[in-house]
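Accompanying notes for the structure given below.
The values are calculated or read from the model by the stated rules, or taken from the named source; none is laboratory data. Since we're looking at a predicted model, the values are computed, not measured. Note: ideal-geometry Cβ built from the backbone for every residue, glycine included; neighbour counts use all protein chains shown.
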Amino acid sequence: MSLGEVHSFIEEVKLFDIQLINLSDSAELFVRFAFNTLVLFMLIKVLYARHSNRKDFFFSYFAIGITVFLLCFLLESVKLELGFALGLFAVFGIIRYRTDAIPIKEMTYLFVVIGVSVINALANKKISYTELLVTNLAIVAGLYALEKVLRLKQENSKEIVYEKIGNIHVDKEAELMEDLKARTGISIKRFEVKKIDFLRDTAKITIYYDANGHLQTK
């Protein structure tokens, strides 16, 4: 029996009217999955991890990226394609975790992870592998430029309760800034006094700092 006959025999084997294996489609799945996983690794581990202190999104990004890719790839024949992809963007675009809302930067990376997975899964035969490679490299290069070359910094905020009510006076802004820096251990860029409670001698202050700053809390 020749190799071609073996190939045909294998692909004719069915279980409950479903092909047991389709060698060409399976090979395409493995190649695209490996390529997509490599791109996700570059986005999440190489870019995001090096410019963010948030480690809790690693699992979510990889899990969502892989799931979206497999979902789109396996359902491509259902012809949902564009509508299905836009639906994914809509669903994940309004996602909120049960604790805090996802920060803007993390939400952007989530959008990119979903977008890359959809592109790699739904790219049809009219799109060459070279075009697909260039598209993915353009996305990675664009994020690298924003993170590394342009050195754009994300600003985080934190609301604290401050009890030295005497430092709230407008003439003591410098003293208040130094005290906040000493207490938090981070380089605060600016602050806003949100509420003053003279009965309890406390004030609610929102401090703003770069995302790479470490907030020390007790």
Could you list, in sequence order, the residues of segment 109-148 that are out of contact with any Gly (no Cβ under 7 Å at 6 or more places or on another chain) and among the small types (Gly, Ala, Ser)?
-> Gly115, Ala121, Ala123, Ser128, Ala138, Ala141, Gly142, Ala145
Is it true that some residue in segment 147-162 is surrounded by fewer than 12 Cβ atoms within 10 Å (Cβ to Cβ), farther than 30 Å from Arg50 by Cβ and hydrophobic (A, V, I, L, M, F, W, C)?
-> yes
Which residues, taken from segment 172-207, are of a type in the set (Asp, Glu) and modelled with pLDDT of 85 or more?
-> Glu173, Glu175, Glu178, Asp179, Glu192, Asp197
With the checklist (1) over 30 Å from Thr108 (Cα atoms); (2) at pLDDT below 70; (3) surrounded by 12 or more Cβ atoms within 10 Å (Cβ to Cβ) in hand, flag the one item Asp25 doesn't pass.
-> (2)
Test Ala145 against the criterion of being of a type in the set (A, V, I, L, M, F, W, C) and in the same structural domain as Ile44 (by TED's automatic domain parsing), and give yes or no.
-> yes
Going through segment 138-167 one residue at a time, which ones are of a type in the set (A, V, I, L, M), over 28 Å from the mean Cα position of the chain (by Cα) and at pLDDT 85 or above?
-> Val161
